[in-house]
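Input: a single structure, listed below in structure tokens.
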Amino acid sequence: MNKWVYVHFPHLLLDYQLALQPPELTDAPQILVTSQQGQRLVHQATAAALQQGVRLQMAEVLASTLVTHLQIRDYHQQQEQRVLQQLAQLVYQDVAQLVLVPPQGLLCEVASLVRLHGGYPNLISYLQQRLQQWPLRYQLSCGYSPLSARLLAQAQQGVINENPAVIQQALAELPITACGFTPSQQQRLQEVGMQRLGQLMQVPRAELGRRFGKALVLYMAELQGELPSPQHYYQPPLSFQQYLDLLTEIPSWPQLLFPLKRLLQQAEAFLQGHQQSTRMLLIKAHHRHGQPTQVRVAFAHPVWQQQDLLQLSQLHLERQQLVQPVLGLTVVIQQTEPRVASNQALLTETKQSETNIDSLVSLLQARLGTDKVHRITLHQHWLPEQRGQLQAWQRAQAVQAAGQHSSLRVKRPLWLLPEPQPIQVQDWDLHWGPEHLATGWWLSEPVQRDYFIGVDKNQRQAWLFKDQQGWYLHGWFS
Amino acid sequence: MATSAAVEELLRRGLLWQGQAMPEQQQQQVVASGWRELNQYLAGGWPVGSVNELQLSQRFSGELALLLPLIKQQESTTVWLNPPALPYAAGLDYQQLDLRNQLVIQEADAKLAVWALEQAIKHPAVGLVLAWCDELTAVQVRRLQAAAEAAQNLVFILTTSSTTEARSYVTRVQLHGVKVKSVAAPTHLHASNERSTSVSYVPILQFALRKRRSGWPLADLECAIPDYLPRWRQRSGRRLTA
């Protein structure tokens, strides 16, 4: 026997848009409007608007005269569909068997979850906690069939009880107008005096078929859960690419932080669901005209928590300029990797094992740029300036492993000058040398140098060389 | 006698000391500098959780040789901020430094450099920070000092300025440079057939401690740093003709 929970979000799109606005703006009365047969009707309204007398399906004109400063926007079903998808990702963290019921509902099969949580009340409060992550208004109901749960939730008559008799009773109270009948069916039922669903349920099934046709028999069977109604269970996407509409044009990155936070929260849910971490995010800012601005955020260490994602993205974005105001934001997770349990030894409590240096590198690269943070790398090369180099941290890792443990240990200075400097050899005392260094004749610019260790008048020890052009200072030993 | 109790407390924590006696050292955690004389002057070594200033009369006049034992003994990462030249892998490798533990930051913008410095100090995987910067304000130094103390990190600011303006550095060292002194070389048993008057030259670092935690400032100090510099063959040698 399956058990069903249906969650209905009557103001889904509007509530979602509110969640993206800074808190001080959410108290304003706002509505979403649809056009039906040339009439513009209120489709969704904020709590503030409802409080001031706006009702759903009310004409837009009436609503705007009732409430001063009413913000009116158009309702977009496509946008709401996207929001529902995102919502499904959130709920999927707890519920495996999840069905999207567009435009505003989620249906969950919960028989195993009820067992897991030890009863409906526990499960429901658990679900409620999860849903609270988004400030949405919703109605939740249990049912013994998908249809029964849906009807109760949509009619705002949620039942949280697994006893079929209680559900049955609640269903019986539903008015015929709230049962999802087509207008012609509704009319026929009302003509014979049916006001409540309960009256219909008392009619024997055979008579029902004779009087109202087969469609109604099927309806009753579906309501009672006698039809094994096939459900298309939700499959979470394999990659994360989330788009978000902004209500107004936003001219600067700091103002985009709030919506970005939401997107990154979803990114965390995605990564958590897949047990993955990421090393690269792509943030796209969409403009009214032209190509979107793209910002790549690379991390030196695998990241998955919203807090880290946000902090590092924020540092990256501070270095960026927005040329045009932004209408929409996309976040794409580009490089994922399975999460590896860090094998921190239990016994060693050295500083090193506490955290990895890579998190510092991520932070520095985010603020300063990837070309400012380096490793010192050693290469198998005869030319001194090729032998030791600085390399950007991420690129250096592969080289590092190979370059470790050099076979050649000769006395070399601790410092190398970026460019050899011409010197007057009379100013120096030569203490050691020469060491002859010649590169292959096959190179385009063969190098022939004699290296010396010299001391200047301040007793600083330097690495000097002489070639065809003259004497040069190349490094320091101190 | 509340005051005397407060004074006692300060004495106990080593924040106040009496001129005639060195304070007890056990409460002050130190990292040995690697050099015998310097350890004596610093009452054991560099204090853990401190920002120290090395004032250089000239760059490359022995400062890295002085710090090298400290870098070598690090098990966690050493951060180099804005080094004045390329820290040369071949030379560091020759001195048996673990190159994997070295992180070099190059940031020309002074404000960002100080930010990076603070992040590095705060990070738990960092053990030692070497920063070459010339202009740090009193406020910045105080902030860095607080960060270093909280993270128990050791920080060195290397600068070419020789200001005596007060800053909250824990130690302030003025490096004058290296001089060489001749000492009679220890005669080896199997080398006894060589001239017994053989002389080797030991580099001696000349410096002044203008501020230290455990005592008065000291001027005209010397510390032998024999290990990491190439050997002097002669004191002021004839030039090799090349």
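Scanning region B:78-88 for residues that are open to solvent by 10 Å² or more (accessible area, probe 1.4 Å) and either more than 8 Å from chain A (Cβ to nearest Cβ) or out of contact with any Lys or Arg (no Cβ under 8 Å at 6 or more places or on another chain) (or both) returns B:Asn82, B:Pro83, B:Leu86. Against the conditions (1) among the basic types (Lys, Arg); (2) at pLDDT 90 or above; (3) over 14 Å from the mean Cα position of the chain (by Cα), B:Lys72 satisfies every one except (3).
Filter region A:364-386 down to residues that are open to solvent by 20 Å² or more (accessible area, probe 1.4 Å) and under 14 Å from A:Leu312 (Cβ atoms) and give me whichever is modelled with the highest pLDDT. Looking at the filtered set, the residue picked out is A:Arg367. Between A:Gln129, A:Gln97, the distinction of being under 26 Å from A:Phe240 (Cβ atoms) and without any contact (Cβ under 8 Å) to a residue 24 or more places away in the chain belongs to A:Gln129 only.
In the set (1) open to solvent by 30 Å² or more (accessible area, probe 1.4 Å); (2) modelled with pLDDT under 90; (3) not hydroxyl-bearing (Ser, Thr, Tyr), A:His43 fails one condition alone, (2).
Might you let me know whether region B:89-108 holds any residue that is open to solvent by 10 Å² or more (accessible area, probe 1.4 Å), over 24 Å from A:Leu417 (Cβ atoms) and within 7 Å of chain A (Cβ to nearest Cβ)? The answer is yes; a qualifying residue exists. All of (1) at pLDDT 85 or above; (2) surrounded by fewer than 20 Cβ atoms within 10 Å (Cβ to Cβ); (3) touching a Phe, Trp or Tyr at 6+ places or on another chain (Cβ under 6 Å); (4) of a type outside the set (Lys, Arg) hold for A:Ala165 with one exception: (3). Among the residues of region A:100-139, those identified as open to solvent by 10 Å² or more (accessible area, probe 1.4 Å) and part of a strand (DSSP E or B) are A:Leu100, A:Val101, A:Glu109, A:Gln139. Quick check on region B:200-217. Is at least one of its residues facing chain A (nearest Cβ under 9 Å) and either part of a loop (DSSP other than H, G, I, E, B) or at pLDDT 80 or above (or both)? Looking through region B:200-217, at least one residue is facing chain A (nearest Cβ under 9 Å) and either part of a loop (DSSP other than H, G, I, E, B) or at pLDDT 80 or above (or both). In region A:387-412, the residue that is modelled with the highest pLDDT out of those that are facing another protein chain (nearest Cβ under 10 Å), assigned to a helix (DSSP H, G or I) and open to solvent by 20 Å² or more (accessible area, probe 1.4 Å) is A:Gln397. Checked against the criterion of being open to solvent by 40 Å² or more (accessible area, probe 1.4 Å), at pLDDT 85 or above and among the charged types (D, E, K, R), region A:227-247 has no qualifying residue.
Within region A:169-220, the set of residues being part of a helix (DSSP H, G or I) and within 41 Å of the chain's Cα centre (by Cα) comprises A:Ala170, A:Leu171, A:Thr177, A:Ala178, A:Tyr219.
So, in region A:141-166, how many residues would count as being small (Gly, Ala, Ser) and without any contact (Cβ under 8 Å) to a residue 24 or more places away in the chain? Spell out the reasoning first.
In the first step, residues of region A:141-166 are kept if they are small (Gly, Ala, Ser); the result is A:141, A:143, A:145, A:148-149, A:153, A:155, A:158, A:165.
Now restrict to residues that are without any contact (Cβ under 8 Å) to a residue 24 or more places away in the chain: A:155, A:158, A:165.
Here the count works out to 3.
Can you say whether A:Thr336 is modelled with pLDDT under 80 and open to solvent by 40 Å² or more (accessible area, probe 1.4 Å), as far as the supplied structure shows? No.
The values are calculated or read from the model by the stated rules, or taken from the named source; none is laboratory data. Remember, predicted model here, so these are calculated numbers, not experimental data. Reconstructed Cβ throughout: ideal geometry from the backbone, glycine too, with neighbour counts over all protein chains shown. For the accessible areas, the whole protein counts, side chains as well, though only heavy atoms, and no ligand, DNA or RNA atoms are used. Shrake-Rupley method; radii C 1.70, N 1.55, O 1.52, S 1.80 Å.
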